[in-house]
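The structure appears right after this line, and notes come after that.
Nothing in this text is a laboratory measurement; each read-out follows from the coordinates by a stated rule. Being a predicted model, the structure only gives us computed values, none of them experimental. Cβ: placed from backbone, ideal geometry, glycine included. Neighbour counts: every protein chain shown.
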Amino acid sequence: MATQLVDHNADITTLDVSRGELYAADSWRPLFARLRKEAPIHYCRDSFFGPYWSASRYADIVDIESRPEIFSSSFEHGGITIFDMQNTGVQLAMFIAMDDPEHAEQRKTIAPAVTPTEIGKLAGPLRERTAQLLDSLPVNEPFDWVEKIAVELTTQMLATLFDFPWEERHKLPFWSDWAAKIDIGPDPVLNAEREKYCFEMASYFKKLFDERKALPPKGDLLSMMAHSQHMANLDEQRFMGNIALLVVGGNDTTRNSMSGLIEQINTYPEEWAKLKADPALASTAATETIRLQTPICHMRRTALEDVELHGQTIRKGEKIVIWYNSANRDEDVFPDGDKWDVNRANSRRHLSFGYGIHRCLGARLAELQLQTLIEEMVKRNMDVKLVGEPDRIPSCFTRGYHHMMVTMTRD
Ligand code: HEM
């Protein structure tokens, strides 16, 4: 792990864990270890994203997420990322960034698409596609795991969920990457570009949505929205926001977990050997991968009233960032928390999917995709080796990779 960006003796009040370069260099862990120990509720006065509070311990994050009436997710107060979205042309008025009752109404519309029964229907085709893709990989020749496996598998799943035109599916990760880019901050040129692609995505989806509305209801996400009480007539920002939520939610997160798996296999080859000896461990291995990857590093809340935490007063209107990447390594919950442990008994307690009323709707689907990938890799006795350092996304929101070069062998 690179540590050159971290001054271990820096005054704790000057720590800023939102700096993109910490994530590009994968050197953020010691800073959060300090925050958990010395300043679990910490104020950063000055950052690229303005002043913000941080919560870094597991128990505090659960507490904050359990009180949505005080800690708001609403886009009207700035939304769910450290970057205040309300002053840009793309507010991303999605239900993850709303409070109840509007959040609950829209969540109920989408929930039937991701019940265990519905997800069960996706399992067979998912396994087939995963197997095909793994069998198509070059042996002993370098290739980009992100492009060939992670992006392709998650894009195929998303296209299935939306019943999106198959040949055009590669538009989905392109839009998703732009919608999730918060590290561009207030840069007017990049924001204009982001706006352009978000509107392009919304108008493409609106056409499909109108077509589905005119047809009898079907099981795909767009048809379910078009025929629902609460999502059939959304305004422009809400329509675009919710499409972005489903596209980003179903895409970047699972994709980056699939690549994170390769980092874990390379760091802990003895755990990979355990999996090969006992494939029944694939489910825990999938959960462990999602815990350690923490593909969404943080959510943000805005205080609706003055509130005290660990003796610190967060004032009405201030933002508090809840760092899942830190909670998932909290020594009080996960001993030896940086280790990928395919036998870890409490791995499922991780907070990568959040907690409370906004807990991820796609959690089961993400786990299924990852578990299937692991099982099919084990079945082929695959060994995937990193070639050099992965190219990491310089963001404190999406924790993932632009590229990851690997070589592979299999039986
Ligand atoms: C490893 C993969 C994934 C991770 C790490 C992840 C992470 C998250 C997180 C952190 C939240 C917010 C939780 C909170 O505020 O407490 C969330 C919410 C959400 N996720 Fe995921 N997600 C993943 C996969 C998916 C997939 C595959 C889908 C859709 C098919 C999806 C759809 C959603 C939706 C709709 C919400 C909003 C729920 C609400 O506000 O009520 N996610 N996810």
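Worth a mention:
- Using only side-chain charges placed at the Cβ, +1 for Lys and Arg and -1 for Asp and Glu, the dipole size of the chain relative to its Cα centre rounds to 680 debye.
- Unsatisfied cross-links (Cα-Cα over 30 Å) in the set Lys319/Lys385; Lys121/Lys206; Lys316/Lys339; Lys121/Lys276; Lys181/Lys218; Lys171/Lys213: Lys319/Lys385; Lys316/Lys339; Lys181/Lys218
- Alpha-carbon Rg/Rh ratio, for the stretch 1-106, with Rh computed the Kirkwood way: 1.02
- Ordering Met408, Met225, Met85 from the fewest to the most neighbouring beta carbons within 10 Å gives Met85, Met408, Met225.
- Options Gln369, Ser259, Trp175, ranked by Cα towards positive dipole end of the chain, top entry (Cβ charges): Gln369
- Dipole axis of the stretch 12-409 (+1 Lys, Arg; -1 Asp, Glu on Cβ), positive-most option in His402, Ser47, Ser283: Ser283
- Relative contact order of the chain: 26 percent, from C-alpha pairs under 8 Å at least 6 residues apart in sequence.
- FRET E, pair Glu147, Ile70, Förster distance 45 Å, beta-carbon r, rounded to 0.05: 0.55
- Relative contact order, whole percent, for the stretch 287-411 stands at 26, derived from Cα pairs under 8 Å and 6 or more residues apart.
- Taking the Cα centre of the stretch 196-279 as origin and assigning +1 to Lys and Arg Cβ atoms and -1 to Asp and Glu Cβ atoms, the resulting dipole is close to 320 debye.
- Over all directions, the projected convex hull of the C-alpha atoms in the stretch 312-411 averages 9.6 nm² in area.
- Average projection, convex hull of the Cα set of the stretch 12-409: 18.5 square nanometres.
- Pairwise Cα distances in the stretch 13-171 exceed 23 Å for 62 percent of all pairs.
- Cα centroid separation - the stretch 182-212 against the stretch 332-400, whole Å: 29 Å
- With only the Cα atoms considered, the stretch 149-203 has a convex hull volume of 82 Å³ per residue.
- The ranking of Tyr204, Tyr355 by Cβ neighbour count inside 10 Å, starting from the fewest, reads Tyr204, Tyr355.
- Under the simplified labelling scheme, the Glu195-Ala39 pair shows an inter-label distance of 3.5 nm, with each label point 7 Å from Cα along Cα→Cβ.
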